[in-house]
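Student: One structure coming up, written as structure tokens, with questions to follow.
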Amino acid sequence: MTTTAREEFTFQTEIKQLLKILSHSLYQNSEIAIRELVSNASDSLNKLRHIQLSDAEYRDDVPLKVVLTPDAEAKRLTISDNGIGLTRDELIENLGTIAHSGSLEFMKKAAEARSQAANEEKSGGSSDLSLIGHFGVGFYAAFMLADTVDVITRSYREETGWKWTSDGTGQYTIEPVDDAPRGAQIVLHLKEDVAEEFTQDYRLESIVRRYSTFVPHPVYVGEKHVNDQPPIWVEPKSQVTPEQYKSFYQWLTRHTNEEPLWHLHLSADSPLQFQAILYCPPANLELQGFGRLEHGLALCAKRILVQDDNKDLLPDYLHFMYGLVDSADLPLNVSRETLQDNRLIPKLRRVLTKKVLDHLADLAEEQPATYAKFYEQFGTVLRGGVGVDYENREKIAKLLRLASSQNVTPGATTSLGDYVKRMREDQTQIYYLGGPDLASLLRNPHYETFRDKQLEVLFLTDPVDEFALSHLQEFEGKTLVSIDSADIQLPASTETPADSSSTDEKGGSSAIAPAGFDRVLEIFRTALGERVQDVRKATRLASSPVCLVNPQGSMSSQLQKVLSQNVKDFSLSRRILEVNPQAPLISRLAALSTSGTNDDFIADCGLQLYSSAMLLDGLVVEPDLTADRMRKLMEEAASNRSVIIT
Ligand code: ADP
């Protein structure tokens, strides 16, 4: 009956490279091969179960299971499942090309790690292999244990079975076989040095227990059902040991030796019935340049896995979490597609989000060191939530940690809640200032007044924080304002005699201005024209001669700067030039203005002060004119100096 003889195929180049790495892998990674093959078998059982639920034709009473059958004499280990199996085309498609993104990513990382090792002139070669545990290298991991691998398989849709064989060098063959049972048997012809170990029952049982306890199907070693304990998420918290939490995390993440930073075990009966365990990983791999990790949460209906990467159960700003959610309210036959319409998911998401945020608040309170570690790793992701999750905005805001003038030690931060506690009684606003780094912020002219009046200012060196605060607008009834904006109100209790006498309608202080000051403002106004919205007397006293203020309701300088660099055709809003009548330069200009002959010089000073103020914000305007004026002013200053020989 055999119509086709054995056919030979060549692996895709990437697979050849992958196989080469794997077959030379370190011994300690070899256990992973078992994990990968059991997990493939279990995936195949999941797929078959879904098919059976929706199509009676494929239903039967045969229990679904994974079986490991060691044969010490033949130096062989077989991992079998009675799942969907593979057709001939699927064998070529799935085991001959690198369809699996995990393997691809692993290859990329391995290449990077190798070139790095070479750069550092390390003995090289081993760092890439330690990465294997972080990626699902999948089926090809079999070649870490075996010289030759056979896959004997029959698809649930077909009568004919196939045998795929390869020695992992460059080629594989496929031939038809009779009597193959439904599903797949992966036959490992074990390498000499691992043959004894990987055919011993106790050794295989301990590997299955370690990596596959939570596989949602029975796994047998010979006749023995190894993963027979109930899943830990349905157990009461008090009965789960730290070791069990840890190994569940390792199963979920496939990270062999990593411990989570914290976990949350939830159980609810109404209005929703669900159990969940959520984990925060110890480090944010995205910060190490790994790109976005798209893992999602596992979703179960009455302990049966429905989907292992659901991304709708938590908001995007918590996408780094791992975990499993099990709800009896979810219909068992729900598929990936129908899940999207399931009304339960948004409800679960709402509860889970709230629980995670509440847990973080507790953590910040009770274990500040762990929280600090968490924030260092995931703060950048979390704070993005302020702008998108209106419902939880205040909760997320409480979790923010920001630098502040109250303690400028590098790395020191405060929460908004603590800032509010330190506020003066009559202070109605929370002040912040954005800038490139702490040193520039401390020198910013806008900060001078606040420093002198000992008013705390939050220093935001990352524009993301500023976006978050500008979205938030308010915290515990206090308005958040950037101190370079015109919306600033200083507490009355901080006013000094010089600026407390009265305030004009613009809120400007009326410290006595020298004669001619109004004339200076007028000359500046004319010279600057359209560059600014207005020129006026400084509302806050400072030692700097001028500063640029953003009109009420407009974005802070830092945000405008970031946008102007990233958004095409973004135009900066026109600002208000505030002039300080008390600054020595300005009083001198005021005196000079009375004669009427110095108007050009005063105009040049106005333009130059404007350019310099922009420069302090990191913005270069009219470089040609600015440089010209600078030269002219220096010539004038030089010619006015006398030559005194001492
Ligand atoms: P992954 O399982 O992560 O997709 P693998 O390299 O492990 O990557 O497997 C590639 C593909 O081969 C799988 O996606 C699946 O379609 C198929 N496959 C592997 N093992 C089995 C199996 N035991 N039964 C059915 N199909 C399998």
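The values are calculated or read from the model by the stated rules, or taken from the named source; none is laboratory data. Given the structure is predicted, the values throughout are model-derived calculations rather than measurements. Here the Cβ positions follow ideal geometry from the backbone for every residue, glycine too, while neighbour counts run over all protein chains shown. Accessible surface areas use protein heavy atoms only, side chains included; no ligands, DNA or RNA. Shrake-Rupley method; radii C 1.70, N 1.55, O 1.52, S 1.80 Å.
Student: What relative contact order, as a whole-number percentage, does the chain give when Cα pairs under 8 Å and 6 or more residues apart are counted?
Tutor: Result for the chain is 8 percent.
Student: For residue 427, what charge total do you get from the other residues with a beta carbon under 13 Å from its beta carbon, if Lys and Arg give +1 and Asp and Glu give -1?
Tutor: Taking every Cβ under 13 Å from that of residue 427, the sum is 0.
Student: While we're here: Magnitude of the Cβ-charge dipole of the chain, K/R +1 and D/E -1, about the Cα centre, nearest 20 debye?
Tutor: Dipole magnitude for the chain comes out near 1240 debye.
Student: Identify, among 371, 359, 345, the residue whose Cα sits farthest towards the positive end of the charge dipole of the range 336-381, taking +1 on the Cβ of Lys and Arg and -1 on the Cβ of Asp and Glu, with the dipole about the Cα centre.
Tutor: 345
Student: Determine, for each peptide in 603-612, 368-377, 238-247, the mean count of other beta carbons within 10 angstrom over its residues, then list the peptides with the highest first.
Tutor: 603-612, 368-377, 238-247
Student: Relative contact order of the range 508-646, please, whole-number percent, based on alpha carbon pairs below 8 angstrom and at least 6 residues apart.
Tutor: 30 percent
Student: By the gyration tensor of its Cα atoms, with a ≥ b ≥ c the square roots of the eigenvalues, what is the shape of the range 400-495: rounded for a/c under 1.5, prolate for a/b over b/c, or oblate?
Tutor: rounded
Student: Angle check, please: helix 599-616 long axis (alpha carbons) against the longest principal axis of the chain (alpha carbons), in degrees 0 to 90, nearest 10.
Tutor: Rounded to the nearest ten degrees, it is 20.
Student: Another question, then. Which of 198, 38, 542 sits closest to the plus end of the dipole of the chain, meaning its Cα is farthest towards the positive end, when Lys and Arg get +1 and Asp and Glu get -1 on the C-beta?
Tutor: Looking along the dipole axis, the top candidate is 542.
Student: Okay, moving on. Putting +1 on Lys and Arg Cβ atoms and -1 on Asp and Glu Cβ atoms, find which of 558, 623, 593 reaches farthest to the positive end of the dipole of the range 508-646.
Tutor: Comparing the listed Cα positions along the dipole, 558 ranks first.
Student: At a Förster distance of 51 Å, what's the computed FRET efficiency of residue 476 paired with residue 10, Cβ-Cβ distance as r, to 0.05?
Tutor: Efficiency for this residue pair is about 0.15.
Student: With only Lys, Arg, Asp and Glu charged, each at its Cβ (+1 for the first two, -1 for the last two), find how big the charge dipole of the range 508-646 is about the Cα centre; round to the nearest 20 debye.
Tutor: 360 debye
Student: So what's the angle, to the nearest 10 degrees on a 0 to 90 scale, between helix 623-639 and the longest Cα principal axis of the chain?
Tutor: So the helix axis and the longest Cα principal axis differ by about 40 degrees.
Student: Another one. Can you work out the accessible area per residue across the range 1-93, with the rest of the protein chains kept in place, probe 1.4 Å, in square angstrom?
Tutor: 52 Å²
Student: May I ask you to list the residues of the range 391-419 whose amide nitrogen lies under 17 Å from a point 7 Å from Cα along the Cα→beta-carbon direction of residue 365?
Tutor: Those under the cut-off are 394-400, 415-419.
Student: Residue separation times 0.36 nm, minus the C-alpha to C-alpha distance between residue 288 and residue 61: what's the value?
Tutor: Going from the current span to full extension adds 76.8 nm.
Student: What is the extension gain from residue 598 to residue 192, computed as 0.36 nm multiplied by their sequence separation minus the C-alpha to C-alpha distance, in nm to one decimal?
Tutor: Full extension of this stretch gives 136.5 nm more.
Student: Turning to a different aspect of this structure: Considering only protein heavy atoms and a probe of 1.4 Å, how much of the accessible area of the chain is carbon and sulfur, as a whole percent?
Tutor: Heavy-atom surface of the chain belonging to carbon and sulfur, 1.4 Å probe: 49 percent.
Student: Per the helix-only calculation at 222 nm, which mean residue ellipticity applies to the chain, given -39500 (n - 2.57) for every DSSP H run of n ≥ 4 and division by its residues, nearest 500 deg cm²/dmol?
Tutor: My calculation for the chain gives -11500 deg cm²/dmol from helical runs alone.
Student: Between the range 54-72 and the range 517-586, how many Å separate their Cα centres?
Tutor: Here the answer is 75 Å between Cα centres.
Student: Okay, moving on. Tell me the angle of helix 584-593 to the major Cα principal axis of the chain, expressed in degrees between 0 and 90 and rounded to the nearest ten.
Tutor: It works out to around 50 degrees.
Student: Grab the beta carbon distance between residue 234 and residue 179, set R0 = 35 Å, and tell me the FRET efficiency rounded to 0.05.
Tutor: 0.30
Student: Let me ask something additional. For residue 642 and residue 224, compute 0.36 nm times the residue count separating them, minus their Cα-Cα distance, and round to one decimal in nm.
Tutor: Here the segment from residue 642 to residue 224 would lengthen by 140.2 nm.
Student: I would also like to ask the following. Pull out a ≥ b ≥ c, the square roots of the eigenvalues of the alpha-carbon gyration tensor of the range 41-103, then state rounded if a/c is under 1.5, prolate if not and a/b is larger than b/c, and oblate in the remaining case.
Tutor: It comes out oblate by the Cα gyration axes.
Student: Where the centroid of each part is defined by its Cα atoms, how far is the range 185-232 from the range 249-316 in Å?
Tutor: 24 Å
Student: State to the nearest 20 debye the size of the charge dipole of the range 232-369 about its Cα centre, where the only charges are +1 on K and R beta carbons and -1 on D and E beta carbons.
Tutor: With Lys and Arg at +1 and Asp and Glu at -1, about 320 debye.
Student: Another one. Using a 1.4 angstrom probe, figure out how much accessible area the range 508-646 has per residue, in square angstrom, rounded to the nearest whole.
Tutor: 54 Å²
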